[in-house]
Amino acid sequence: MNFELKTLGWAGSASEQCDAMVALVGDGFKPGKDALSQLAAQAIKAEDLPTKAGKCLSAYRPAGLACTRLVLAGAADLSAKSVRQAVAAAVASIKDGAAKHLLLVFQDAPAKGAVRAAVMAAAEASYVYTTTQSKPHARKLQRVTIAVAAAAPVKAEFERAQAAVVGIELAKEWANRPSNHATPTLLAQAAQALAKLPKIKCEVLGPAQVKKLGMGSFMAVSQGSEEPLRFIVLRYENAPKAQAPVVLVGKGITFDTGGISLKPAPEMDEMKYDMSGAASVLGVFRALGQLQPAINVIGLIPACENMPDGRAIKPGDVVTSMSGQTIEILNTDAEGRLVLCDALTYAERFKPRAVIDIATLTGACMIALGGVRSGMFSSDDALAASLLAAGDAALDPCWRMPLDEEYAEGLKTHFADVANVAGRAGGAITAAKFLQRFAAKFSWAHLDIAGTAWKGGAAKGATGRPVGLLLDYLLGAVQADGRTAKRAPK
Ligand code: BES
Ligand code: MN
Ligand code: ZN
């Protein structure tokens, strides 16, 4: 999808040729003298256009306007959130038609974040997955022009939003692909393809190298699968070496059957999304490659399948992680933490300023927070505050969850340093407590995206979250999290 930003008021927009025009109409709408304003004013007066966000009024070849289709879209207070709702509804109403070029018109100076919300909502509402269809229903909408009274003040925001869209769509693409089209090997190739972008390098480790590193926990998960594991290391380096990087660690379970602790059949297909954390890391790198900010970011992806097999790990097996800690695997379905813990240990070598892992880790987090906010856990208040703010600004919100030491009680065992599961109670938190044991050497946060990475039901598909949150954090909040850009002491 192509986006462009144009300085064009409502009067100018009325005479602009386009397949479809979406005009955002806020609560306190004040009509100008132009034809478009007059139409909107009449509709409001006749109570045919509620300005509530998400309400639309459509017309075909409206007299006096150059567009083929017109959608007057109620946008309430014109805040970022309302604009998102308005654009989502308006684009949904035209996306099955023939419109290829959309003109999206703001009347006054847009509120902070409103242009970004418009760009992202237009992309979201018109997105279609096509990769594994023989006759793809291609996306009809090809071009979106955002018309504002003055383009210059919102140019930076617009460019960020464009990059976020490209990143989110890459994340969606990989998360949506079924597991036979998104194996660890293919995921690694997708990462390697990103190294064509400026400032990005990619290194892929296979089973022999991972064994040499001593990643016994990661290897244990993969040993029941015919697909060889991959450990992906992405680097985006566009700041002096002295500037410590942020490390992103994405859970890359390309399919989670549960292993010997096999999952029930209903909805098991959704476990193709169990590499959504990994997909979000790819998405962030794609966006960084486009935006070229002056920062250093490392991406780590432990990728493998979790399968039942004659060679698979069995409940009660004890493995030794890269950190040296031994782990009793009481439930082979709690595999995410087993691959992440070794990646966290690997992250130490970068002397990072912060490490953020992103994982579809627990069904319990989905129960706790649903699909609205991702679960966020952090041992560092400043980092937690930055992530919370980044999520709210990006309309990709998270919510901080606790890490009291008492929650780790259930992970105790007689047979190893730690067990990989505790009881059912507080399952998202005990999973985070497990990870925390491997994140003692740096400032760390964990995002449990089990509820937010994809949608079920009629709108089934990946959401591309939390690419938006992570990008906002990396681009802005990194400076605000209370630390200077120095490497942590050795
Ligand atoms: N990938 C799942 C988590 C998951 C489940 C995400 C459902 C989204 C929807 C993870 O590997 C898992 O199986 N977790 C177990 C942990 C349990 C065995 C302690 C879970 O949540 O049931
Ligand atoms: Mn599992
Ligand atoms: Zn899993």
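The values are calculated or read from the model by the stated rules, or taken from the named source; none is laboratory data. Model, not experiment: these values are computed from the prediction. Glycine also receives a Cβ, built like all others from the backbone with ideal geometry; neighbour counts cover every protein chain displayed. For the accessible areas, the whole protein counts, side chains as well, though only heavy atoms, and no ligand, DNA or RNA atoms are used. Shrake-Rupley method; radii C 1.70, N 1.55, O 1.52, S 1.80 Å.
Here segment 246-255 is the region considered, the condition is being open to solvent by less than 10 Å² (accessible area, probe 1.4 Å) and out of contact with any Cys (no Cβ under 8 Å at 6 or more places or on another chain), and the residue that is nearest to ligand 3 (Cβ to nearest atom) is Lys251.
Within the bounds of segment 425-441, is there any residue that is assigned to a loop (DSSP other than H, G, I, E, B), modelled with pLDDT of 95 or more and open to solvent by less than 10 Å² (accessible area, probe 1.4 Å)? Yes; the residues of segment 425-441 include at least one that is assigned to a loop (DSSP other than H, G, I, E, B), modelled with pLDDT of 95 or more and open to solvent by less than 10 Å² (accessible area, probe 1.4 Å). Return the residues of segment 72-96 that are surrounded by fewer than 20 Cβ atoms within 10 Å (Cβ to Cβ) and of a type in the set (Lys, Arg); say none if nothing qualifies. Within segment 72-96, Lys81, Lys95 meet the criteria.
In the set (1) in contact (Cβ under 8 Å) with a residue 24 or more places away in the chain; (2) crowded, with 16+ Cβ neighbours inside 10 Å, Pro153 fails one condition alone, (2). Yes or no: segment 342-353 includes at least one residue that is open to solvent by less than 10 Å² (accessible area, probe 1.4 Å) and in contact with a Gly (Cβ under 9 Å, 6 or more places away or on another chain). Yes: one or more hits.
Checking Asp269 against (1) within 16 Å of ligand 2 (Cβ to nearest atom); (2) of a type in the set (D, E, K, R); (3) open to solvent by less than 40 Å² (accessible area, probe 1.4 Å), only one condition comes out false. Which one? Tallying (1) within 16 Å of ligand 2 (Cβ to nearest atom); (2) of a type in the set (D, E, K, R); (3) open to solvent by less than 40 Å² (accessible area, probe 1.4 Å), Asp269 fails exactly one: (3).
Residue count for segment 113-137 under the criterion of being surrounded by fewer than 16 Cβ atoms within 10 Å (Cβ to Cβ) and closer than 19 Å to Trp174 by Cβ: the result is 6.
Out of the residues in segment 189-205 that are among the small types (Gly, Ala, Ser) and open to solvent by 10 Å² or more (accessible area, probe 1.4 Å), state the one that is nearest to the chain's Cα centre (by Cα). So the residue we want is Ala190. Quick one: in segment 7-18, of everything that is open to solvent by 50 Å² or more (accessible area, probe 1.4 Å) and under 18 Å from Val71 (Cβ atoms), which residue is farthest from the chain's Cα centre (by Cα)? The qualifying residue farthest from the chain's Cα centre (by Cα) is Ser15. The set of residues from segment 206-242 being open to solvent by less than 40 Å² (accessible area, probe 1.4 Å), out of contact with any Pro (no Cβ under 8 Å at 6 or more places or on another chain) and either among the aromatic types (Phe, Trp, Tyr) or over 22 Å from Gly277 (Cα atoms) (or both) comprises Gly214, Tyr236, Ala239.
What are the residues in segment 261-281 that are closer than 20 Å to Arg337 by Cα and more than 12 Å from ligand 1 (Cβ to nearest atom), if any? The answer is Ala278, Ala279, Ser280, Val281. Give me a count of the residues in segment 438-462 that are without any contact (Cβ under 8 Å) to a residue 60 or more places away in the chain and either within 29 Å of Pro245 (Cβ to Cβ) or among the aliphatic types (A, V, I, L, M) (or both). Qualifying residue count for the region: 3.
Residue by residue, here is whether (1) more than 28 Å from Gly391 (Cα to Cα); (2) of a type in the set (Gly, Ala, Ser); (3) touching a helix residue (DSSP H, G or I) at 6+ places or on another chain (Cβ under 8 Å) holds:
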{"site": "Ala75", "(1), (2), (3)": "no, yes, yes"}
{"site": "Arg84", "(1), (2), (3)": "no, no, yes"}
{"site": "Lys112", "(1), (2), (3)": "no, no, yes"}
{"site": "Lys135", "(1), (2), (3)": "yes, no, no"}
{"site": "Lys140", "(1), (2), (3)": "yes, no, yes"}
{"site": "Lys155", "(1), (2), (3)": "no, no, no"}
{"site": "Glu159", "(1), (2), (3)": "no, no, yes"}
{"site": "Glu169", "(1), (2), (3)": "no, no, yes"}
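Here Lys412 clears all of (1) surrounded by 17 or more Cβ atoms within 10 Å (Cβ to Cβ); (2) of a type in the set (Lys, Arg); (3) under 26 Å from Ser217 (Cα atoms) except the condition numbered (1). Being of a type outside the set (A, V, I, L, M) and more than 10 Å from ligand 3 (Cβ to nearest atom) is the filter; apply it to segment 256-275 and report the residue that is farthest from His181 (Cα to Cα). Checked segment 256-275; the qualifying residue farthest from His181 (Cα to Cα) is Ser261.
Can you list residue pairs whose Cβ atoms sit under 8 Å apart, with the first residue in segment 343-365 being polar (S, T, N, Q) and the second being away from ligand 2 (no atom under 16 Å from the Cβ) and open to solvent by 10 Å² or more (accessible area, probe 1.4 Å)? Count only pairs 6 or more apart in sequence or on different chains. Here the result reads Thr345/Met322; Thr345/Ser323, each pair linking segment 343-365 to a residue that is away from ligand 2 (no atom under 16 Å from the Cβ) and open to solvent by 10 Å² or more (accessible area, probe 1.4 Å). Tell me whether segment 172-186 contains one or more residues that are within 30 Å of Val418 (Cβ to Cβ) and surrounded by 24 or more Cβ atoms within 10 Å (Cβ to Cβ). Among the residues of segment 172-186, at least one is within 30 Å of Val418 (Cβ to Cβ) and surrounded by 24 or more Cβ atoms within 10 Å (Cβ to Cβ), which makes the answer yes. Checked against the criterion of being away from ligand 1 (no atom under 16 Å from the Cβ) and open to solvent by less than 20 Å² (accessible area, probe 1.4 Å), the candidates Ala334, Ala384 yield just one match: Ala384.
For segment 316-339, the condition holds for at least one residue, the condition being that it is under 18 Å from the mean Cα position of the chain (by Cα) and in contact (Cβ under 8 Å) with a residue 40 or more places away in the chain.
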